[in-house]
Amino acid sequence: MTETAETKAYGAYAGNAPLTPMRITRRTPGAEDVQIDIAYCGVCHSDLHQVRAEWAGTLFPCVPGHEIVGRVSAVGARVTGFKIGDLVGVGCIVDSCKHCEECDAGLENYCDGMVGTYNGRTADAPGHTLGGYSQRIVVHERYVLRVRHSEERLAAVAPLLCAGITTYSPLRHWKAGPGMKVGVVGVGGLGHMGVKLARAMGAQVVAFTTSENKRDAARALGAHEVVVSRNSGEMAAYRQGLDFILNTVAAPHDLDAFLALLRRDGVMTLVGAPASPHPSPEVFSLLARRRAIAGSMIGGIPETQEMLDFCAKNDVVADIELIRADEINTAYERMLKGDVRYRFVMDIATLAA
Ligand code: NAP
Ligand code: ZN
């Protein structure tokens, strides 16, 4: 039997139960494992979808959290890339098959055997992975990322591990850059990173929000133009005006309203993962100008490192609101109302209290 260490965590025992303090166990690091003392963990809308069982297949107890940053506190005998004291991150992936076509390409996010940081199958107790709302985690070194930002910015780096890579990867894949007009739909945790990253890549950025009160804030994040999408007059001014749209909205909505804003051969990539389907598209929205709808899921480990290095070089971090662990249930309610600027991050030191 693998030795284990007890760790304080915050999680839920059922989909309709609030998150509460709990004790979990972590395995003793194996030869290729890195043990991390977690300092901060970002709060992703996926955490809420999963822990409230809005998505099928939630395993309980559920400890969410896949925007993890902290310091290495132990390494296995064969670990070569990390040493005790290093500043590191862990995102949405803690294991994969390591030998399929996707893993060989560094696209572990598309491996059939990918194991999520929470709710994934594992040999460790209790049989499924438990995430970053906890004091410590043990992860194979392949899935550990190096953080090159200064330590003062560590809390604001945490959201890069999911919100950052989930927006960076499609922006790179569809070649956001100078001369390209990019729309970012939804100015939440993912969307605000999408705006910052598209701007840092040199694109002309148009942010679309349902919230009138985010108009100025979205510009401050780096958007060149801001559209309140509930206002049909404002939307009409952008018809066939965009090359690419990154849609981050967490709820079902009318996709046709945004498809109409794409030029010929334009692509709208969905990264939002609502619990129920969108009511559209109307096929003629796609036929009319050879438009396409695509999807994208987080990013592979090499690209996540590339994103972290890009952000360190370009001084990009998330805009965050730091919370205590016992504020997590209120934070979820506020996230549902769009009342967060723009990512909650849990201070893991407050778990010890
Ligand atoms: P979030 O912080 O809650 O942001 C979502 C934003 O969508 C809101 O702030 C809001 O922005 C907009 N929105 C408009 N109408 C909405 C509605 N009826 N309900 C909720 N939001 C609405 O969430 P997030 O953490 O950015 O995550 C967004 C989605 O991406 C979630 O579904 C999450 O599960 C998914 N996700 C996917 C991946 C992936 O790999 N593809 C990775 C991480 C997360 P405005 O106020 O500006 O309108
Ligand atoms: Zn996430």
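The values are calculated or read from the model by the stated rules, or taken from the named source; none is laboratory data. Bear in mind the structure is a predicted one, so any value in this text is a computation, not a measurement. Reconstructed Cβ throughout: ideal geometry from the backbone, glycine too, with neighbour counts over all protein chains shown. Ligands, DNA and RNA are excluded from the accessible area calculation, which covers all protein heavy atoms including side chains. Shrake-Rupley method; radii C 1.70, N 1.55, O 1.52, S 1.80 Å.
Against the test of being in contact with an Asp or Glu (Cβ under 8 Å, 6 or more places away or on another chain), on the phi < 0 side of the Ramachandran plot, touching a residue at least 60 places away in the same chain (Cβ under 8 Å) and aliphatic (A, V, I, L, M), the options Val90, Val79, Val63 yield a single qualifying residue, Val79. The C-beta contact set for region 120-135 (first residue closer than 16 Å to Ile36 by Cα, second residue assigned to a loop (DSSP other than H, G, I, E, B) and modelled with pLDDT under 95, distance under 8 angstrom, 6+ apart or interchain) comprises Gln135/Ala352. No other residue among Met193, Met201 is within 18 Å of Ser296 (Cβ to Cβ), buried (at least 18 other Cβ atoms within 10 Å of the Cβ), assigned by TED's automatic domain parsing to the domain that holds Ala288 and more than 9 Å from ligand 1 (Cβ to nearest atom) apart from Met201. Within region 144-165, the set of residues being open to solvent by 10 Å² or more (accessible area, probe 1.4 Å) and within 15 Å of the chain's Cα centre (by Cα) comprises Ala155, Ala156. Against the test of being open to solvent by less than 30 Å² (accessible area, probe 1.4 Å) and away from ligand 2 (no atom under 16 Å from the Cβ), the options Gly106, Gly42 yield a single qualifying residue, Gly106.
When we screen Val79, Val94, Val90 for residues that are within 16 Å of ligand 2 (Cβ to nearest atom), open to solvent by 10 Å² or more (accessible area, probe 1.4 Å) and not aromatic (Phe, Trp, Tyr), the only hit is Val94.
Screening Asp47 against (1) away from ligand 2 (no atom under 16 Å from the Cβ); (2) open to solvent by less than 50 Å² (accessible area, probe 1.4 Å); (3) charged (D, E, K, R) leaves a single unmet condition, (1).
Applying the condition of being in contact (Cβ under 8 Å) with a residue 12 or more places away in the chain and more than 16 Å from the chain's Cα centre (by Cα) to region 339-352 and asking which residue is most open to solvent (accessible area, probe 1.4 Å) yields Ala349.
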